[in-house]
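So the structure is just underneath, and the comments pick up after that.
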Amino acid sequence: MMETFNTVIHSGQLVLVDFFATWCGPCKAMHPILEQLKAQLGDRLRIIKVDIDKHGDPAVEYGVQAVPTLMLFRNGEVLWRQSGAMPLNQLINVITPFLA
């Protein structure tokens with residue numbers, strides 16, 4: 001998992017990582033929002049979900065203490081991060097400047 005995670009976040013592509021847990025209500029609420037985001041942005045953004053209970057290493061490495069935590073990466077660099085669920089329009093407003 002870790003090798004794959006690092007490979008993905010170090011690609012030149014813009015990657016949104018959703019650190020989540022299956023028992024987390026707000027995480028469940030983010031799922032359809034992320035699907036809508038993917039539908040709108042298509043190949044311009046890659047979205048990966050990391051279950052912190054199954055794959056804790058990346059969460060520990062990046063100091064994730066609350067779920068959901070969303071992090072935006074390009075070339076291994078953290079461009080943005082926020083904990084907590086957020087509405088689609090707010091997420092799009094955050095990500096759009098990084099798409100250019």
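Listed by first and then second residue, the pairs with beta-carbon distance under 8 Å, at least 6 apart or on different chains, first residue in the stretch 8-29 and surrounded by 14 or more Cβ atoms within 10 Å (Cβ to Cβ), second in a helix (DSSP H, G or I) and of a type in the set (Lys, Arg), are Leu14/Arg44.
Applying the criterion of at least 2 residues that are at pLDDT 95 or above and within 17 Å of Val94 (Cα to Cα) to the helices (runs of 4 or more DSSP H) found wholly in the stretch 1-78 leaves 25-41.
All but one of (1) under 12 Å from the mean Cα position of the chain (by Cα); (2) part of a helix (DSSP H, G or I); (3) over 17 Å from Ile9 (Cα atoms) hold for Ile95, so report the exception by its number. All conditions are met except number (3). Checking each residue in the stretch 79-92 for being part of a helix (DSSP H, G or I) and among the polar types (S, T, N, Q) picks out Asn89, Gln90. Among the residues of the stretch 33-66, those that are more than 11 Å from the chain's Cα centre (by Cα), surrounded by 13 or more Cβ atoms within 10 Å (Cβ to Cβ), within 23 Å of Thr7 (Cα to Cα) and aliphatic (A, V, I, L, M) comprise Leu37, Leu41, Ile52, Ala59, Val64.
The values are calculated or read from the model by the stated rules, or taken from the named source; none is laboratory data. Everything numeric in this text was worked out from a predicted model, so none of it was measured. Please note: Cβ atoms are built from the backbone with ideal geometry, for glycine as well, and neighbour counts cover all protein chains shown.
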